[in-house]
Amino acid sequence: MKTFSEILRAASFNVQDFESHRLQLLAERKEKSKKGGIIGGGIAFLGLLITFVGGPAFLIAGLIIGLIVFFVVRGNTRGKHAKYVKSEILKKLIESFSPDFFYDPYTGVSQDVFKKSQIIKGYSTFYGEDHVTGKYNSIQIEFSELFIQQKNDKSTTTLFKGPFYVVQSPKTFAAKTNILPDTAEKLFGGLGTIFQKMNMMREKVIKIDDAAFEKEFVVYSNDENEAKDILTPNVINYLMDKKKINKNVFMSCIEDKIYFGLYNNADLFPVDINKSIDNIILEQYYNELVSHVKIAEELHQLIKGVNIMQSGMTIDSGNRFN
């Protein structure tokens with residue numbers, strides 16, 4: 001794995017240029033905010049004057065139009081800064097980390113790929129960004145931030161927000177196994193199992209002989225033996241450890257892919273125009289990238305240590321993707 005110093009040299013970063021660009025944008029925002037405040041304030045004041053003739057509706061209209069003019073004149077400085085950081089800094093940093101990596105800040109893991117995971121089956125909003133794809137240590141991986149919601153007439157529910165990973169598995173899965181947060185157990189206790197079994201959109205509920213795990217997760221699979229083979233003590237401990245620091249954890253093993261999601265409400269590679277761009281910020285981006293790559297490696301190694309039994313035979317494709 002390349003060190004941070006090696007990345008800096010490979011990417012030929014000029015931190016002073018980055019910081020100068022940020023300060024220039026801040027100065028432009030200050031000047032435009034002043035101009036927008038004068039124009040918008042003038043419109044609001046005009047609405048106040050007309051109020052004495054035409055009634056309070058003119059005051060409300062003046063305030064609304066004044067605010068709109070203010071934001072239009074000020075412009076989207078934060079968006080410009082984010083675009084600059086992602087194209088000039090993050091892209092070079094990520095693609096210097098591995099020659100096989102490609103970074104697209106404006107797309108995410110595709111909806112088609114996500115649907116194959118069967119992790120969330122019903123939603124109305126699907127959005128992704130900060131998409132990283134490529135090979136690392138001969139492991140094909142991709143990950144991005146995903147934001148998924150379900151909207152209806154009365155409410156909006158966020159189903160997932162955080163990093164989502166797709167990792168090439170060292171083993172081929174004959175079954176479809178989903179390991180999902182056990183919300184029914186938390187809401188209804190023992191009755192939750194009944195609701196799980198009534199879920200016609202899912203495979204059979206597989207009970208795992210681990211009380212702590214059963215409280216946090218529910219397992220659906222069309223092959224009980226394969227599901228239990230996958231859920232070794234190491235895999236269970238890994239999922240439980242991740243659950244301690246994330247709102248929810250999702251995992252699916254289907255065909256030759258491991259799908260893994262951490263619902264943590266976090267943005268990947270966050271950009272803040274009010275923070276100076278220096279080596280400290282760049283190293284934070286590097287460390288975050290390393291953490292995502294390590295998760296992909298950990299998932300690959302966990303499944304590599306699994307013996308999957310089918311029809312009395314052990315399926316162990318070992319290093320077929322290595």
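The values are calculated or read from the model by the stated rules, or taken from the named source; none is laboratory data. All of these numbers come straight from a predicted model, not from anything done at the bench. Note that each Cβ is placed from the backbone with ideal geometry, even for glycine, and that neighbours are counted across all protein chains shown.
Before moving on, here are some points about what is shown:
- Taking region 258-300 as the range and being outside any helix (DSSP H, G or I) and surrounded by fewer than 19 Cβ atoms within 10 Å (Cβ to Cβ) as the test, the residues that pass are 264, 265, 266, 267, 270, 272, 273, 274, 275, 276, 278.
- Residue 16 passes every criterion in (1) part of a helix (DSSP H, G or I); (2) within 29 Å of the chain's Cα centre (by Cα); (3) at pLDDT 85 or above apart from (2).
- Qualifying residue in region 244-253 (condition: at pLDDT 95 or above and farther than 30 Å from residue 104 by Cα): yes
- Test: residue in region 127-137 that is assigned to a strand (DSSP E or B) and surrounded by 23 or more Cβ atoms within 10 Å (Cβ to Cβ): yes
- Scanning region 227-242 for residues that are touching a residue at least 40 places away in the same chain (Cβ under 8 Å) and not aliphatic (A, V, I, L, M), we see that the one that is farthest from residue 261 (Cα to Cα) is 229.
- Residue, nearest to residue 298 (Cα to Cα), within region 200-245, restricted to residues that are outside any loop (DSSP other than H, G, I, E, B) and among the hydroxyl-bearing types (Ser, Thr, Tyr): 238
- Complete set of residues in region 152-185 that are at pLDDT 90 or above, of a type in the set (S, T, N, Q), outside any strand (DSSP E or B) and surrounded by fewer than 19 Cβ atoms within 10 Å (Cβ to Cβ): 172
- Of all the residues in region 133-157, those that are in contact with an Asp or Glu (Cβ under 9 Å, 6 or more places away or on another chain) and without any contact (Cβ under 8 Å) to a residue 60 or more places away in the chain number 4.
- Which numbered condition residue 75 fails, given (1) at pLDDT 70 or above; (2) of a type outside the set (A, V, I, L, M, F, W, C); (3) over 17 Å from residue 293 (Cα atoms): (1)
- Positions within region 233-255 being buried (at least 16 other Cβ atoms within 10 Å of the Cβ) and not aliphatic (A, V, I, L, M), in sequence order: 238, 242, 243, 246, 248, 250, 252, 253
- Of all the listed residues (267, 223, 241, 278), the sole one being of a type in the set (D, E, K, R) and either touching a Cys at 6+ places or on another chain (Cβ under 6 Å) or closer than 13 Å to residue 162 by Cα (or both) is 267.
- Filter pass, residue 95 being outside the structural domain of residue 262 (by TED's automatic domain parsing), free of Cβ contacts under 8 Å to residues at least 12 places away in the same chain and either assigned to a helix (DSSP H, G or I) or under 30 Å from residue 232 (Cα atoms) (or both): yes
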